[in-house]
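Have a look at the structure below, then the notes.
The values are calculated or read from the model by the stated rules, or taken from the named source; none is laboratory data. As the structure is a prediction and not an experimental result, all values here were calculated from the model. When we count neighbours, we look across all protein chains shown, and the Cβ atoms used for this are built from the backbone with ideal geometry, even at glycine.
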Amino acid sequence: MPDDFAILKNLQQRFGDNDIQRQTTIDEILTLWVPKDKVISILRYLKSSVEQPFNFLYDLCGIDERDRAKTNGLPSKDFTVVYTLFSYKRNSFIRLKVAPEGDMPTMPSITSLFKNANWYEREVYDMFGIRFDGHPHLQRILMPLTWKGHPLRKEHPARATEIGPFKLMEDLMDREQAALQFKPEEWGMKRESEDADFMFLNIGPQHPGTHGVLRIVLQLDGEDIVDAVPEIGFHHRGAEKMGERQSWHTYIPYTDRVDYLGGVMNNLAYLLAVEKLAGIEVPDRVKVIRVMLCELFRISSHLVWFGTFAQDVGQLSPVFYMFTDREKVFDIIEAVCGGRMHPNWFRIGGVAQDLPNGWDGLVREFVEMFPKKLKEYNSMVIKNSIFKGRTKGIGVFTLEEAIEWGVTGPGLRACGFEWDFRKKRPYSGYEMFDFDIPIAQNGDCYDRAVVRVEEMRQSLRIVEQCLNNMPEGSYKADHPLTTPPLKKYTMQDIETLITHFLSVSWGPVIPAGEAMSCIEATKGANSYYLTSDGNTSPYRVRIRTPSFPHMQMVPYISKGYTVADLLSILGAMDFVLADIDR
């Protein structure tokens, strides 16, 4: 692309032709190898000095390259640190790669440049053992502090059967208990001020306001929050590690469990990247079926958020009404997919089956019923004076702060920014649909609620268009790397039978390369960055979830508010613990 060429030339002129090497990728994102000693200067230039800057640190991750069979002409290296930036003004990604040397390499920290780099660098250290010099508090974030080894290194066991039996001896128990104790001094916190002693309060890990196993340690001056330290990782299941030992096909059900309220939307984020790698173009019918199911799950997810958020701030009845309507969505999902919360129904190149007879009647019934319900809920919750009192002016952040901390989705749109990846970078045929991007102006808990409620109306518009304009055609692509051949054809010739057998048992062999997808998931920008070594399973699976950076921002937007306000802030965030921890 001309714009990419201009950026490349600009960087080479400023930082040296020999120091910046371009890598061609299947996803066509401008990918540059840069030297370790210049990475901060280059990132600073891209963030602050270049025209239409890349001021959003979208993701930061690592790759263990030591088992890589196909380097595609790239320089030999042991590890790679990958920085992915995004420019809203350019509507463009850029990917920078650095190859630090050594078995336990080090990198300079960029926390002084991007605030949201803090947790990402901790994660890379936790998973790969790569240290970041200058990081304010470099310790494990997803694994227990007492964990031995770094799980995403290739030598680390992937299965429990590869490790000896676990024994909790008395001395080990004492060490584990000691590691759980919060020490304020380690986080730069004081135990007292000039006129008062601070109290340290655990919210969680078992608390209804945290919607799962999450611990937030609050530093309190009376009822006022001085500082907060979220502790995550209780839901960590090694979702990225699992990708290295599953086939491209059998990994699909694992994606369902990341944002476990988003259902098939997780499948879509993963499959778009796989289909880029494989060069698969799906039929229009597949696109529209996928969009319809994704938007139904967006409504389902938002209903869970809406009911539980109202409950968090004191309203008990809405959650029962909204869960009832969620069951009506699940009736459609179950009729189409055979499953409800985790239907695992999308496939490489298509969907598992065609739409069943009568699907349109169920969808039409819901499309006609739901607008009245939304109007009722708007009066019941959004216009409620107590709800307004608990949410207006609480947890406020500006658009600049949102971008700096990596906020996406409704939280970003509540700051007055009309940005939705479905509109701005359409995928899966979203360009064929007519819908609006809801925004608000104040960036507080109330506005984040208003945006999500309007999003449900827009999702319903999309579902209705799918209902009225469902294309004819096949429910899967005609491509050798897509879903297995139809079973009825396997008895007609031996080649089809062999293809079916290999597709089911081994799965497809995806060509070597790398690709990233990015979708507007229920909670914000969700993407899968996949690396293929030309094998039957991924070499590296990187999942960028919206909830991870959102939770990192909690201390920043909680200071000065009360403990009761923290529950409003958490509720308005609409996070899922597995979406944070993976």
I'd like to verify a number: residues in segment 44-58 that are part of a helix (DSSP H, G or I) and more than 17 Å from Asp4 (Cβ to Cβ), how many? 4
Can you name the residue in segment 565-580 that is closer than 11 Å to Ile232 by Cβ and either part of a loop (DSSP other than H, G, I, E, B) or of a type in the set (Asp, Glu) (or both) and is also modelled with the highest pLDDT among such residues? Asp579
Any idea which of (1) more than 27 Å from the chain's Cα centre (by Cα); (2) loosely packed, with under 13 Cβ neighbours inside 10 Å is the one Asp67 doesn't satisfy? (1)
If you check Ala521 against the conditions, is it of a type in the set (Gly, Ala, Ser), modelled with pLDDT of 90 or more, within 28 Å of the chain's Cα centre (by Cα) and farther than 30 Å from Gly358 by Cβ? no
Search segment 390-435 for residues being charged (D, E, K, R) and not in a helix (DSSP H, G or I), and hand back the single one that is surrounded by the fewest Cβ atoms within 10 Å (Cβ to Cβ). Asp434
Which one of the conditions (1) under 18 Å from Asp37 (Cβ atoms); (2) in a helix (DSSP H, G or I) does Asn118 fail to meet, given that it meets all the rest? (1)
Residue within segment 415-434 that is closer than 28 Å to Asp224 by Cβ and in contact with a Gly (Cβ under 9 Å, 6 or more places away or on another chain) present: yes
Filter result (surrounded by fewer than 21 Cβ atoms within 10 Å (Cβ to Cβ) and under 19 Å from the mean Cα position of the chain (by Cα)) within segment 96-117: Lys115
Output yes when any residue across segment 365-387 is without any contact (Cβ under 8 Å) to a residue 24 or more places away in the chain and small (Gly, Ala, Ser), and no when none is. yes
Out of the residues in segment 158-210 meeting the condition of being exposed (fewer than 12 other Cβ atoms within 10 Å of the Cβ) and among the hydrophobic types (A, V, I, L, M, F, W, C), tell me which one is farthest from Arg237 (Cα to Cα). Ala196
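Table: residues versus (1) assigned by TED's automatic domain parsing to the domain that holds Tyr120; (2) within 30 Å of the chain's Cα centre (by Cα); (3) closer than 19 Å to Ser568 by Cβ; (4) touching a residue at least 60 places away in the same chain (Cβ under 8 Å).
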residue	(1), (2), (3), (4)
Gln139	yes, yes, no, no
Thr146	yes, yes, no, no
Gly149	yes, yes, no, no
Gln206	no, yes, no, no
Glu223	no, no, yes, yes
Phe234	no, yes, no, yes
Mind telling me which of the residues Val313, Val329, Val336, Val319 ends up being among the aliphatic types (A, V, I, L, M), within 23 Å of Ile348 (Cβ to Cβ) and over 21 Å from the mean Cα position of the chain (by Cα)? Val336
Which of (1) of a type in the set (S, T, N, Q); (2) closer than 16 Å to Gly393 by Cα; (3) under 20 Å from the mean Cα position of the chain (by Cα) is the odd one out, the single condition Asn442 does not satisfy? (3)
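Inspect all residues belonging to segment 157-166 and state whether any of them is under 27 Å from Thr531 (Cα atoms), in contact with a helix residue (DSSP H, G or I) (Cβ under 6 Å, 6 or more places away or on another chain) and either at pLDDT 85 or above or in a loop (DSSP other than H, G, I, E, B) (or both).
Within segment 157-166, one or more residues are under 27 Å from Thr531 (Cα atoms), in contact with a helix residue (DSSP H, G or I) (Cβ under 6 Å, 6 or more places away or on another chain) and either at pLDDT 85 or above or in a loop (DSSP other than H, G, I, E, B) (or both).
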Is it the case that some residue within segment 88-111 is of a type in the set (A, V, I, L, M, F, W, C) and closer than 21 Å to Ile232 by Cα? no
